[in-house]
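Just so it is clear, none of the values below were taken in a lab; they were calculated from the coordinates. Small disclaimer: the values here were computed from a predicted structure and weren't measured. Positions of Cβ are backbone-derived with ideal geometry, glycine not excepted, and every protein chain shown enters the neighbour counts.
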Amino acid sequence: MREHGKADRASDSAQALTTVEEPEMDAAVFRRKLMTWYRGHARDLPWRGVHDPYRTWVSEVMLQQTRVAAVIEHYEKFLQRFPTMLALALAPEPEVLAAWSGLGYYRRARMLHRAAKFVTSELEGVLPGTSTALRTLPGIGEYTCAAIASIAFGESIAVVDGNVERVLLRLTGRPEENTAASRTFVQAQAAALVPRRRVAEQHNAAGDHNQAMMELGATICLPRAPLCLHCPVYSMCKTRGEHLTQPRALQRSRPAAYLLSLRKSGTATEVLLEQRSPEASLMPGMYELPPLPQDALEGREPILRLRHSITNTNYYVQVYAARGPQDRGLRRAVPAAKGDLHWTRTNKLSSVPLTGLARKVLQRLDVMAVQPLQMPDEAITEESQGRFWGGHQ
């Protein structure tokens with residue numbers, strides 16, 4: 001009997017985890033409050049208000065796991081170089097990667113390029129208009145297909161990124177849990193709030209709603225110190241402030257060293273770069289400064305020290321210069337094969353698919369020109385960051 005009781009309780013617990021709770025809030029009231037706030041407070045971002053699905057697609061891929069400020073810097077330049085689906089499809093991959101350089105997660109650029117080729121060759125250059133059809137394209141996951149279908153085509157489907165997840169969990173008073181049950185719960189809550197498409201509707205209600213939800217999480221319902229007194233749905237929220245979250249993974253620290261070697265070629269200056277292997281698990285085919293082994297650095301002083309973070313790892317980077325005959329030993333210490341090393345003109349670096357770290361170092365040392373950042377009129381918060389809901393990278 002006792003064993004049966006345990007089994008029954010376990011069964012009940014499992015059932016409770018898989019049962020989707022109905023939203024307790026009044027969806028119509030919530031949407032009205034949210035949209036009134038959004039119309040008066042939405043940031044003026046370059047991908048909002050566009051009517052070209054291709055541009056919406058590019059922006060949504062860029063926004064995956066990337067801060068809004070970084071996307072603003074790259075979005076218009078990328079579209080100037082590849083203004084249409086056809087232009088992107090016809091471009092060689094290194095050119096696409098060069099335009100993407102600085103955004104990180106380069107697999108996104110490769111998949112974007114691959115999908116553009118597929119749409120151009122197999123779909124007559126027309127991006128599919130439903131989330132189901134979009135999901136079949138390379139690199140388009142659950143979040144991205146819903147965002148494009150909703151924002152570009154008006155499909156009544158919920159878009160859930162990290163910002164929306166946080167808003168919904170706080171509204172309902174649920175803790176942040178990285179479980180399938182929690183994701184199912186959030187998705188159901190989001191779907192219940194999305195307005196249904198009406199016949200002859202003049203505006204994109206679903207797309208506007210989804211963008212408003214993301215905006216609320218990005219600018220008001222922040223991970224730390226949320227601006228609750230400015231929240232349009234504060235009266236409907238069960239949490240009203242921060243709530244307990246799972247501890248983040250500890251940051252790892254690793255040293256890294258690179259060589260800066262410059263030479264003159266006529267009137268031009270060239271810098272030595274190493275191309276990563278096409279089979280490399282991280283950033284294949286990208287160009288970087290040649291890495292140096294730690295045992296070659298004893299007694300040498302770097303010309304630059306900086307910290308570079310990738311996911312949960314902090315790289316403490318030191319850059320060493322090979323300036324003359326006394327540093328030939330430093331150049332010989334580079335373990336890369338000769339065929340992987342390339343002298344590149346510094347005035348051509350903007351067209352080379354550089355890693356984000358290489359670009360940062362070359363700009364810090366004034367080897368590569370820094371492009372001015374064009375910011376919108378309204379401030380961008382540090383927490384206005386990329387999309388963190390399934391199927392990305």
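Under the rule of at least 5 residues apart or a separate chain, name every residue whose amide H is placed under 5 Å from the amide H of residue 197.
156
What are the ³J(HN,Hα) values, in whole Hz, obtained from phi via the Karplus relation 6.51 cos²θ - 1.76 cosθ + 1.60 with θ = phi - 60°, for each residue of region 204-220 in sequence order, with x given for Gly and Pro?
Result, rounded to whole Hz: 8, 5, 5, x, 5, 4, 5, 5, 5, 4, 5, 5, 4, x, 6, 10, 10.
Give the long-range amide H neighbours of residue 304: residues separated by 5 or more places, or on another chain, with amide H under 5 Å away, using H modelled in the peptide plane at 1.01 Å from N.
Placed amide hydrogens put 319 under 5 Å from residue 304.
Which residues' amide hydrogens lie under 5 Å from the amide hydrogen of residue 285, considering only partners 5 or more residues apart or on another chain, with H built in the peptide plane?
Here the answer is 276, 277, 280, since their amide H atoms fall under 5 Å of that of residue 285.
Grab the Cα-Cα distance for residue 365 and residue 345, subtract it from 0.36 nm times how many residues apart they are, and report the gain in nm with one decimal. Numbers along the way, then the final one.
On the way: separation 20, 0.36 × 20 = 7.20 nm, distance 1.53 nm.
Gain in length upon complete extension: 5.7 nm.
Whole Å is fine, so just give me how far the alpha carbon centre of region 192-236 lies from that of region 87-110.
Going from one Cα centre to the other spans 32 Å.
Would you work out if region 257-344 is rounded, prolate or oblate? Take a ≥ b ≥ c from the square roots of the eigenvalues of the alpha-carbon gyration tensor; rounded if a/c is under 1.5, else prolate when a/b is larger than b/c, oblate otherwise.
On the way: a/c = 1.68, a/b = 1.17, b/c = 1.44.
Oblate shape, in that a/c is at least 1.5 and b/c is the bigger or equal ratio.
Give a residue-ordered list of calculated ³J(HN,Hα) values for region 59-70 (Karplus: 6.51 cos²θ - 1.76 cosθ + 1.60, θ = phi - 60°; whole Hz; x for Gly, Pro).
The phi angles translate into 5, 5, 5, 5, 6, 5, 6, 9, 5, 4, 4, 5 Hz.
At a Förster distance of 56 Å, what's the computed FRET efficiency of residue 124 paired with residue 301, Cβ-Cβ distance as r, to 0.05? The partial results should precede the final answer.
Values: r = 60 Å, r/R0 = 1.06.
With a Förster radius of 56 Å, E is 0.40.
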